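Here's the structure, in structure tokens; my notes come after.
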Amino acid sequence: MPRSGYNFGSVVMPSYALVSYVRNPVGEFVEKLRRELHPTMAHMAAHLTILPPRELTGTEEAALEFLEEACGRVVPFRVDFGDAETFLPTTPTVFIEVKQGASRMSELHDQLCGKGLRCEESWPYIPHLTILKTERDEQARAAYVVARERWAQFSGKRQVQVEELVFVRETDGCWQDVARVPLGHGQLSSKS
């Protein structure tokens with residue numbers, strides 16, 4: 001029971017994540033489909049998540065220093081996309097699966113879950129490109145049907161080159177870019 005005259009309001013710590021924006025025709029497809037199927041999330045840029053949201057155990061500066069050093073040793077890689085899928089019944093999420101590059105994303109996730117970025121994640125890490133996450137299973141089921149149909153008609157290249165990650169911070173429901181983290185800047189040369 002709170003003491004009289006005192007405000008014991010809780011302090012909300014910001015969450016941080018590490019993503020790779022998908023800024024090509026695949027990303028444009030996802031953003032357009034999201035605007036149509038789930039307009040309340042239309043502001044979100046298409047992205048691959050490397051580290052899902054988490055609170056830091058150290059400072060933002062220390063986490064960024066660790067990311068820059070670790071990512072400098074990672075050679076950029078290609079991600080090829082598979083089918084439109086859903087995480088139902090576990091969670092009402094519709095996404096495009098990652099085929100080629102999934103193991104590289106998982107390795108990167110595991111390597112970067114260190115220092116001040118370690119946390120207990122709610123779900124096992126599964127590389128994917130989220131189309132939408134809803135509150136209701138029925139809405140996700142309907143969106144999944146549309147997403148599968150539209151994605152089957154997509155005629156562009158179903159791939160993206162991952163060359164840069166972005167460290168992002170969420171405060172009061174808004175995500176903001178903190179820093180861009182290039183991959184491979186510590187490599188002498190890359191011929192892939």
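Just so it is clear, none of the values below were taken in a lab; they were calculated from the coordinates. Just so it is clear, the structure is predicted and the values come from calculations on it, not from any experiment. Using ideal geometry, Cβ is built from the backbone for each residue, glycine included, and neighbour counts are taken over all protein chains shown.
Would you work out if region 20-133 is rounded, prolate or oblate? Take a ≥ b ≥ c from the square roots of the eigenvalues of the alpha-carbon gyration tensor; rounded if a/c is under 1.5, else prolate when a/b is larger than b/c, oblate otherwise. Prolate, since a/c reaches 1.5 and a/b exceeds b/c. Under conditions of 4 °C and 1.567 mPa s, the chain yields 72 µm² s⁻¹ as its translational diffusion coefficient, taking Rh as the Kirkwood radius over Cα pairs in the Stokes-Einstein equation. With contacts taken as Cα pairs under 8 Å at a separation of at least 6 residues, region 75-129 carries a relative contact order of 34 percent. Each Lys and Arg Cβ is given +1 and each Asp and Glu Cβ -1; about its Cα centre, region 32-187 then shows a dipole of about 640 debye. Residue by residue, region 84-99 carries 3J(HN,Hα) couplings of 6, 9, 9, 8, 4, x, 5, 8, x, 10, 10, 8, 10, 6, 9, 9 Hz when phi is fed to the Karplus relation 6.51 cos²θ - 1.76 cosθ + 1.60 (θ = phi - 60°); x denotes Gly or Pro. Evaluating 6.51 cos²θ - 1.76 cosθ + 1.60 at θ = phi - 60° for every residue in region 36-53, the Karplus couplings come out as 6, 8, 8, x, 5, 10, 5, 6, 6, 6, 5, 7, 9, 8, 9, 10, x, x Hz, glycine and proline recorded as x.
Taking amide H as placed 1.01 Å from N in the peptide plane, the amide H of ALA45 sits under 5 Å from none that are at least 5 places away or on another chain.
Using 0.36 nm times the number of residues separating LEU88 and ALA179, minus their current alpha carbon distance, what extension gain do you get? Write out the running numbers ahead of the final one.
On the way: separation 91, 0.36 × 91 = 32.76 nm, distance 3.31 nm.
This chain segment gains 29.5 nm when fully extended.
Under the criterion of Cα pairs below 8 Å and six or more residues apart, the relative contact order for the chain equals 31 percent.
Amide H contacts of ARG118 (H built 1.01 Å from N, in plane; Pro and chain starts excluded): THR57 sit under 5 Å, all sequence-distant by 5 or more or on other chains.
Amide H contacts of GLU85: PHE95, ILE96, GLU97, each under 5 Å away and 5 or more positions distant or on a separate chain (H built 1.01 Å from N in the peptide plane; Pro and chain starts excluded). The trypsin sites (Lys or Arg not before Pro) of region 74-128 that meet both conditions, a loop assignment by DSSP and at most 15 other Cβ atoms within 10 Å of the site Cβ, are LYS99, ARG118. Comparing VAL168, ALA102, PHE154 along the charge dipole axis of region 67-192, the residue lying farthest to the positive side is PHE154, per the Cβ-charge model.
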